[in-house]
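Remarks on the structure that follows.
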Amino acid sequence: MQGKVCLVTGATSGIGKAAALELAKRGATVVGVGRNPAKCEATAAQIEATTGNRPNFLLADLSSQADIRRLAVAFLEKHERLDVLVNNAGAINLSHRKTVDGLELTFALNHLAYFLLTLLLLDVLKASAPSRVINVSSTAHERAGINIDDLADPLSYSGFVAYSQSKLANLLFTYEATRRFDGEGVTFNALHPGLVGTNLLSSNGLRGRVGGLFLRAFGRGVSKGARTIVYLATAPEVEGVTGKYFVDERAVASSVPSHDEGLATELWELSSRLTSV
Ligand SMILES: NC(=O)c1ccc[n+]([C@@H]2O[C@H](COP(=O)([O-])OP(=O)(O)OC[C@H]3O[C@@H](n4cnc5c(N)ncnc54)[C@H](OP(=O)(O)O)[C@@H]3O)[C@@H](O)[C@H]2O)c1
C-alpha cells in the first residue's frame, strides 16, 4: 500500500481504528477522521508506536454537514490523491436525537455522512483511479425496509429500526453509486464486519454499557472485525470488483429491498436534496 492514500472515518475506535492500524502497517498514508482531538492524538500515537507509520487525523463531527464540508476541504488541501475511502463511522442511538442540521441523528450520521463525503471527494477519487469506496454496512439491513418520507424526521422512533434502516441505506447507496459512476474507475462495495466487540452502543448511557458488555462477550475482536475492510482496500483480486456486499472477505447476497432500484433512486434524490449536492 506504499504511496496509496486511505481515508478512514471513525478511526478512533473499534473497527475503523483496527483498519487504520492495519493499513498503516502495510505502508499506506492513512488519514483518519475523528471528532475528539485527544482521541485522535492518542490513536495516532498508538498506531505509530505499533507500525512506525503515523496516520494524520482530521477533525469532524460527521453528523454535521458543515463539518463534513470542512473535512473534505481540509483533506483536499493536503492530499492530491485518494485511493481508498472507508465510510465507517456510525452509531446506534436508542433515543431520538436531532443533528445541528435538524435531521434524525442515526440517518444523518450512518447514511448521509457516507453520501455527502463520498460525493465531495468523488473528483479526487476519479483522478486517482483505480480507487475504492468501502461502505461499512451490517446484516442489520436484513431486518429493514425504508419509508423514504419518514427518514429525516420520523413520526415515531426506535433505535434499532433507525439503525437497520441506515444500514440498508448504505447498501442502496453502494449499488446506486455503482450504477451512476460505472466506468469511471471508482469501485463501490459494502460489507458486514461480523458482530464485533466495540463501542457501537456507547452513546446510550446504562443501556449502552450493558449492550457493550454483550458485544464484547459475544463479538469477535476488532482486528478480525476489520479484516473485510482491509481486504476490500488492499486485495489485488478486488481491483475492478464493484457493487457487491461482502461478509468475511466473500461476496454474498444482500436483502431483496437493498436491490430495489426505485427505492435507491428515491433515497439518492432525498439525500441529494438534504445535503445540497
Ligand atoms: N460492532 C459491530 O458488531 C458492528 C456490526 C455491524 C456493523 N458495524 C458497523 O461498524 C462501523 C463502526 O462501528 P464500531 O462497531 O467500530 O463502533 P465504535 O467502536 O463505536 O466506532 C465508531 C466510530 O465512529 C465514530 N463516530 C461516532 N459518531 C461520530 C460522529 N458524530 N462524528 C464523527 N465520528 C463519529 C466514533 O468516534 P469516537 O471514538 O469519538 O466515539 C468511532 O471512531 C459502524 O458503521 C457500524 O454500523 C458494527
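Summary of values
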read-out	value
All positions within segment 221-233 that are near the ligand (Cβ under 10 Å from one of its atoms), under 12 Å from residue 248 (Cα atoms) and touching a strand residue (DSSP E or B) at 6+ places or on another chain (Cβ under 8 Å)	225, 229
Complete set of residues in segment 154-211 that are closer than 18 Å to residue 264 by Cα, small (Gly, Ala, Ser) and within 12 Å of the ligand (Cβ to nearest atom)	162, 164, 166, 169, 190
Test result for residue 272, part of a helix (DSSP H, G or I), out of contact with any Ser or Thr (no Cβ under 9 Å at 6 or more places or on another chain) and either within 12 Å of the ligand (Cβ to nearest atom) or among the hydroxyl-bearing types (Ser, Thr, Tyr) (or both)	yes
Residue list for segment 1-50, filter: among the small types (Gly, Ala, Ser) and more than 16 Å from the ligand (Cβ to nearest atom)	3, 27, 28, 49
Close pairs from segment 24-43: first closer than 17 Å to residue 60 by Cβ, partner among the acidic types (Asp, Glu) and more than 9 Å from the ligand (Cβ to nearest atom), Cβ under 8 Å, at least 6 apart	none
Filter result for the condition that a residue is modelled with pLDDT of 95 or more, part of a loop (DSSP other than H, G, I, E, B) and hydrophobic (A, V, I, L, M, F, W, C), over 108, 129, 140, 152	129
Residue among 79, 111, 96 that is more than 9 Å from the ligand (Cβ to nearest atom) and touching a Pro at 6+ places or on another chain (Cβ under 8 Å)	96
Set 228, 174, 265, 242: member being among the polar types (S, T, N, Q) and not in a helix (DSSP H, G or I)	242
Matching entry among 241, 230, 210, 186 (being more than 15 Å from the chain's Cα centre (by Cα), aliphatic (A, V, I, L, M) and closer than 20 Å to residue 30 by Cα)	186
Selected residue (criterion: surrounded by the fewest Cβ atoms within 10 Å (Cβ to Cβ)) from residues of segment 58-105 that are in a helix (DSSP H, G or I) and of a type in the set (D, E, K, R)	77
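The values are calculated or read from the model by the stated rules, or taken from the named source; none is laboratory data. The structure displayed is predicted, hence computed values, not measured ones. Glycine also receives a Cβ, built like all others from the backbone with ideal geometry; neighbour counts cover every protein chain displayed.
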